[in-house]
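Since the structure comes first, as structure tokens, the remarks are kept for the end.
The values are calculated or read from the model by the stated rules, or taken from the named source; none is laboratory data. Just so you know, these numbers come straight off a predicted model, no measurement behind them. Methodologically, a virtual Cβ is constructed for each residue, glycine included, from the backbone with ideal geometry; neighbour enumeration extends over all protein chains shown. Accessible surface is based on the protein model in full, side chains and every heavy atom, while ligands, DNA and RNA are left aside. Shrake-Rupley method; radii C 1.70, N 1.55, O 1.52, S 1.80 Å.
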Amino acid sequence: MARYVSVYCVIHQPRRLKLPAQIIPRHATAEDIARCLFDEPMNRRYLEKVAETCYRPATKMFRKLLDRGFKLSLGISLSFVEQAERWAPDVMDDLKELLAHENAELIAVEPYHSFLFYFDIGAFTRQMRWVAGELKRRMGSATKPVVADTTEMFMSNDIYHALQRAGYRGALLDGRPWVMEWRSPAHVYHYGTRPYLLVRHTDLSDDVGYRFSNRGWSGWPLTADRYAEWLARSEGDCITIGWDYETFGEHHRTESGIFPFMENLVDEATKRGISFLTASQVIEEFHEQSYHLPLPEHACTWAGSGDVGFFLGNDVQQAVFRLMHHAYNKASLTKEKDLIDLAVWLMQSDNLHLIQWHGRAGAEAEVSAYFTPREWWQLGAGAIVAEIQNVYKNFIKALDHHVPGFEEVDLYRQFAYGEIAAQ
Amino acid sequence: MYGPRQQKLSPQTCEFLLLCFEGPDEYSLAGGLGVRVTELARTLADLGYDVKLTFIGDPQKPYHEGEERLNLYRWAQWVSRYYPAGVYDGEEAKLAEFSSSVPAHIVKLCRETLTRGKVPIVLAEDWHTAGALCAISDMLHLEGIRSKCLLFWNANTTAGFHRIDFARLNFCATLLTVSRFMKHEMWKYGVNPIVVPNGIPSRLVTAEPPHKEAAELRGALGEGLTLFKIGRFSPDKRWMMAVEALGELVRRGVPARLLMRGGMEPHGGEVLQRAAHMGLSIVDVPLERGRRDLKNLLAFVRVHAGAHIYNLKYFVPEEVTRVLYLGADAVLANSGFEPFGLVGLEVMAAGGVAVTGATGEDYARNLENALVVETEDPWELTLLLQGLFGDEELSRHLRAEGRKTARTFVWERVIGDLIHRLTYVGQKQGALSHRAARPHSVGTAPKGAKEKAARQRSFRKVGV
């Protein structure tokens, strides 16, 4: 029976694109290009809304729970931090206070929630090394995070090596059956000597993360005592639970009872002899009895059915993915740091996640459509997928004048002076 | 007492928030729209209303400029800096920025107006503003203040109609247009706008017509029939009809000449080629030493007396066009498609004889205050002009009646009409009265009009 539970939450808000795509003026600066690419007023609206429904009440709740022996590992994307610093500084203050608690631990998260690991593993390694210090500074933590999570908990053989090169002691992995095979997720694993792998228990995590307010689910309504019982009856050393922080108040509204559920869970778990640990405490406690886990060459993720199909499963997603690649390549040619940074922002997994519904139906498509900004639907489904691609195309074109040595052909001059005819 | 007293729109009860792509800056003036919104805003302010005009302004000027009652907001200046050639340079980039960021700005202004206890009247002009206006309506709904604000969208032209979601726009705002012709054009889209005509500045009718200068012009040109035409080189303006009528007059022995000012459009080449083909002599009037004044024009005309067409190659300022309007025997504003036809009205204001087309020119009545051509047949125009030539009494009558008509279209009078219409909508919506708002639509085309219009669409421009 598992005696320990480790709860990991991740906070993220995407930097949503501006649709319809805005044409970018020639010779535009990186700052003005960004204004054309991203819909900051919309990002502000969503951040303020989620701050009200989730970030403020959830942080208040976790603060109380930490005092009662609950332990929380918290990953925060820089995409969220940038927005919260601008538009909800009180939320940042609350989170800093939460992380200052001895029962909380900061987890390093891929800063932009991007697919950089697919395009440039070296740059990804550098980003992950950099973000540990950056998050420590921005969140006012005493120490750098030692455990890492990647975008959508992507993990593969090469990503593991990149995290090892970035200096992490631990990393998170979703415990999909096709990765774990006969193994239990309730142990610590390793591939090389480090990082150690904390395996998210998919079923027990999704019972709360996805199914909690689903009245069609056989487990509904889920009560704290029943869930604590499920945790206690699980085999293994330690159960790792992974949720979006937005689970509390946003994905599951207050009326669903998610807050009282969590408040009672601590007592119900304690009654059953369960203790809570942070991610690094799990490693500390169990690293000597960790097991070898062969990592897949194809990446696994906590999204969708656990493979990249959730992000690259339809032709439009594949087209946007290719455009992400072209955008990054073009930005790299400019050698301008700010433009390369914009190209990485454009790699946000959300931009693929939000169009998973294209040509699809079913539960995953519903999740994808739920995350698609409400305002975009006015354009119509076809225009959404076309305009997302136009954002990338406009960006790639706008970089023409930033590539050293580029000179535009003056077609008017050529026609007027017969230069084309002469050729 | 016959019931509860209804609140009326007045400078004490409402404020105007105008939205337009064009505006008063030189950078923002591309055509009639900029002139319209500038004059409308100024006259409203002169009448005591608080007016806030948001437009694509000169990027070199301040974002916000406020006079006592008239406040200007120059929008999308960061985009405009990349497009120095004018308001429509980089149109799509500006449109995207305008549509996405203007709504929050207007909603903020609406909130401030409501805080002052007044009704915000948002009046948006032409297709560029349609998307933004719908978003404004949505945001006002979200804030719970939509019913307290009046939203109007005005069509000055049919340009860009293919990019408007009329069903949505008609749901979000009350639609206005400038003529009955436009109203009927818009029936095709399933909407029934309220007509409020365009206006002209009162200075055009209060100023004494430039009789002395007009006499000088006639003296320089000599005996015969003098015609003047100004406008873009667009087939809609019926330039071909004008030169063919001139050719026919000359063929019939009338000593006629045409002073013309077109644009840079390629259709101008076709027009001049047609004139030359008809044997008409053409002289270009160049801009010499930057002088656009009448003296320069008269000197040129005296030297080149006897030409059939004087083609002015430069922008003609208002003081000179007024002389040409008055000094010519007729001004050819004979467009085949005119949402309103401001030129005809300006001719009337200057005391000239306007020859108008028969589409949006609601103000024009044939042989009463103008000459009106019903077809694009040059013979019809020839006949009217030949009838005018030598008929001093008709000319005097048309000039006098034209001036009278123009006086009824000055902005001060038009705004009276506008306020009346807006009050009607405001009271129906419940924003102005103490009565509860009732669900109501003032914007649905008469039953069957859309289908009828679709059947007739192909006959719109067919002449006799």
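Overview of results
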| quantity | calculated |
| --- | --- |
| Some residue of region B:158-175 being without any contact (Cβ under 8 Å) to a residue 12 or more places away in the chain, open to solvent by 40 Å² or more (accessible area, probe 1.4 Å) and under 23 Å from B:TYR88 (Cα atoms) | yes |
| Any chance B:LEU29 is over 17 Å from B:TRP153 (Cα atoms), surrounded by 15 or more Cβ atoms within 10 Å (Cβ to Cβ) and of a type outside the set (Lys, Arg) | yes |
| Residue match in region B:197-212 (condition: crowded, with 17+ Cβ neighbours inside 10 Å, more than 30 Å from B:ALA30 (Cα to Cα) and modelled with pLDDT of 95 or more) | no |
| All positions within region A:387-410 that are assigned to a helix (DSSP H, G or I) and open to solvent by 80 Å² or more (accessible area, probe 1.4 Å) | A:LYS393, A:LYS397 |
| Search result, residues across region B:208-221 that are in contact (Cβ under 8 Å) with a residue 12 or more places away in the chain and farther than 18 Å from B:ALA299 by Cβ | B:PRO209, B:HIS211 |
| Helices (runs of 4 or more DSSP H) fully within region A:276-381 counting 2 or more residues that are under 28 Å from B:ARG168 (Cβ atoms) and in contact (Cβ under 8 Å) with a residue 60 or more places away in the chain | A:315-334, A:350-353 |
| Unmet criterion (only one of (1) over 18 Å from B:HIS128 (Cα atoms); (2) open to solvent by 60 Å² or more (accessible area, probe 1.4 Å); (3) of a type outside the set (Lys, Arg); (4) within 25 Å of the chain's Cα centre (by Cα)) for B:GLU92 | (1) |
| Residue pairs meeting the criteria (Cβ under 6 Å; at least 6 apart or on separate chains; first under 12 Å from A:ALA279 (Cβ atoms) and among the small types (Gly, Ala, Ser), in region A:102-115; second open to solvent by less than 10 Å² (accessible area, probe 1.4 Å) and part of a strand (DSSP E or B)) | A:ALA104/A:LEU72; A:ALA108/A:ALA148 |
| Hits in region A:316-341 (condition: among the hydroxyl-bearing types (Ser, Thr, Tyr) and under 20 Å from the mean Cα position of the chain (by Cα)) | A:TYR328 |
| Residue in region B:144-159 that is within 12 Å of chain A (Cβ to nearest Cβ), outside any helix (DSSP H, G or I) and either under 25 Å from B:GLY31 (Cα atoms) or of a type in the set (Phe, Trp, Tyr) (or both) present | no |
| Test for A:ARG3: is it away from chain B (no Cβ under 14 Å) and open to solvent by 70 Å² or more (accessible area, probe 1.4 Å) | yes |
| The listed residue being of a type in the set (A, V, I, L, M), under 21 Å from the mean Cα position of the chain (by Cα) and either under 18 Å from A:LEU342 (Cα atoms) or not in a helix (DSSP H, G or I) (or both), out of A:VAL5, A:VAL50, A:VAL81 | A:VAL81 |
| Residue within region A:80-103 that is under 28 Å from B:ALA104 (Cα atoms), crowded, with 19+ Cβ neighbours inside 10 Å and not aliphatic (A, V, I, L, M) present | yes |
| Condition met for B:LYS108 (within 30 Å of A:LYS397 (Cα to Cα), of a type in the set (Lys, Arg) and part of a helix (DSSP H, G or I)) | no |
| Conditions (1) under 27 Å from A:ARG45 (Cβ atoms); (2) outside any helix (DSSP H, G or I); (3) open to solvent by 10 Å² or more (accessible area, probe 1.4 Å): number failed by B:ALA135 | (2) |
| Output for region B:43-78, where each listed residue is aliphatic (A, V, I, L, M) and either within 14 Å of chain A (Cβ to nearest Cβ) or surrounded by 19 or more Cβ atoms within 10 Å (Cβ to Cβ) (or both) | B:LEU44, B:ALA45, B:VAL51, B:LEU53, B:ILE56, B:LEU70, B:LEU72, B:ALA76 |
| Test for B:LEU294: is it under 17 Å from B:PRO317 (Cβ atoms) and buried (at least 21 other Cβ atoms within 10 Å of the Cβ) | yes |
| Hits in region B:320-355 (condition: farther than 20 Å from B:LEU221 by Cβ, acidic (Asp, Glu) and assigned to a loop (DSSP other than H, G, I, E, B)) | B:GLU338 |
| Qualifying residue in region A:20-36 (condition: open to solvent by less than 40 Å² (accessible area, probe 1.4 Å) and part of a strand (DSSP E or B)) | no |
| Residue check, B:GLU39 within 14 Å of another protein chain (Cβ to nearest Cβ) and outside any loop (DSSP other than H, G, I, E, B) | no |
| Unmet requirement for A:HIS401, which otherwise passes all of (1) at pLDDT below 90; (2) of a type outside the set (Ser, Thr, Tyr); (3) closer than 24 Å to A:MET324 by Cα | (1) |
| Qualifying positions in region A:40-59 - within 12 Å of chain B (Cβ to nearest Cβ) and open to solvent by 20 Å² or more (accessible area, probe 1.4 Å) | A:GLU40, A:PRO41, A:ARG44, A:ARG45, A:LYS49 |
| Matching residues, region A:246-259, being in contact with a helix residue (DSSP H, G or I) (Cβ under 8 Å, 6 or more places away or on another chain) and assigned to a helix (DSSP H, G or I) | A:GLU246, A:THR247, A:THR254, A:ILE258, A:PHE259 |
| Top-ranked residue of region B:79-89 - restricted to ones that are within 11 Å of another protein chain (Cβ to nearest Cβ) and part of a loop (DSSP other than H, G, I, E, B), ranked as least open to solvent (accessible area, probe 1.4 Å) | B:TYR83 |
| Filter result (touching a residue at least 60 places away in the same chain (Cβ under 8 Å), more than 16 Å from the chain's Cα centre (by Cα) and open to solvent by less than 60 Å² (accessible area, probe 1.4 Å)) within region B:400-424 | B:ARG403, B:THR405, B:ASP417, B:ILE419, B:LEU422, B:THR423 |
